[in-house]
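The values are calculated or read from the model by the stated rules, or taken from the named source; none is laboratory data. Just so we're clear, the structure is a prediction, and the values are computed from it rather than from any experiment. Here the Cβ positions follow ideal geometry from the backbone for every residue, glycine too, while neighbour counts run over all protein chains shown.
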Amino acid sequence: MAKLQVAIDLLTTEDAIALATKVAPYIDIIELGTPLIKSEGLSVITAMKEAFPDKKVFADFKTADAGALEAEMAFKAGADYITILGAVDDATIAGAVAKAKEYNRAVVVDTIGVADRVKRAQEVSKLGVEFVELHAGLDEQAKDGYSIQVLIDEATNAGVPVSIAGGVNINSIADVKKSGAVVAVAGGAIYGAEDPAAAAKALKEALA
Ligand SMILES: O=C(CO)[C@H](O)[C@H](O)COP(=O)(O)O
């Protein structure tokens, strides 16, 4: 069954932990968004892992260089996963993967900004990453004509383990599931909901 990842794009540790507390029963992976980590620093990773030791904590670093160094920072702070950008040199991804092996953690490649996401997903999968995030970021989603269907079609054809991120919600979750993605990432559909727990529960049930 595909896992459900909540992307916490809030700005304080307090708000992030409060949200995670509400949705934890329905969530497999807790993602600390890039703005949250920039706002609070590495301490938010440590606080989240201490609060939820049984959940996977995903640090959305979106690292562009110094993969080994940044991976070590994330893993030492308590992260189970770090994201490295797919648009960068293979050496950056390979450096992070080597560190992940040392710490028994994992690397996820984020394809935000990559023109051919499927081709890059297939390439970086050979470097030993856990899975590849087929991702349309918040700015891309805000553009006229954006549809998550493009990510769903890409996941269906990827042939390597992928997640989908970019507007996953209750209307798209059935197609996300059908695509074979190993993880469905939902941010705004959960933290922006009037009842985040109910929203997470509905998404989790749709993946079952
Ligand atoms: O990484 C991100 C932005 O860069 C978001 O966390 C990701 O796009 C998922 O959020 P949403 O479901 O709100 O699109």
Those residues of the range 198-208 which are more than 16 Å from the ligand (Cβ to nearest atom) and either surrounded by 17 or more Cβ atoms within 10 Å (Cβ to Cβ) or among the basic types (K, R) (or both), in sequence order: K201
Total residues in the range 85-119, condition over 11 Å from E130 (Cβ atoms) and among the β-branched types (V, I, T): 7
Test: residue in the range 43-51 that is among the polar types (S, T, N, Q) and within 15 Å of the ligand (Cβ to nearest atom): no
Unique residue being closer than 22 Å to I30 by Cα and at pLDDT below 95 when the list is L138, L203: L138
Any hit, the range 180-192, residues being within 10 Å of the ligand (Cβ to nearest atom), free of Cβ contacts under 8 Å to residues at least 40 places away in the same chain and crowded, with 18+ Cβ neighbours inside 10 Å: yes
Pairs, first within 16 Å of the ligand (Cβ to nearest atom) in the range 91-110, second in a helix (DSSP H, G or I) and modelled with pLDDT of 95 or more, C-beta under 6 Å, six or more apart: V107/A96; V107/V97; V107/A100; V109/V124
Any strands (runs of 3 or more DSSP E) falling wholly within the range 1-81 and containing at least 1 residues that are crowded, with 18+ Cβ neighbours inside 10 Å, of a type outside the set (K, R) and in contact (Cβ under 8 Å) with a residue 60 or more places away in the chain: 3-8, 29-32
Scope the range 96-139; condition under 16 Å from A155 (Cβ atoms) and part of a helix (DSSP H, G or I); matching residues: R117, V118, K119, R120, A121, Q122, V124, S125
Tally of residues being more than 13 Å from the chain's Cα centre (by Cα), within 16 Å of G187 (Cβ to Cβ) and among the β-branched types (V, I, T) across the range 13-28: 1
Positions within the range 151-179 being assigned to a loop (DSSP other than H, G, I, E, B), touching a residue at least 12 places away in the same chain (Cβ under 8 Å) and within 15 Å of the ligand (Cβ to nearest atom), in sequence order: G166, G167, V168, N169, I170, S172
Some residue of the range 103-125 being surrounded by 20 or more Cβ atoms within 10 Å (Cβ to Cβ) and of a type in the set (S, T, Y): yes
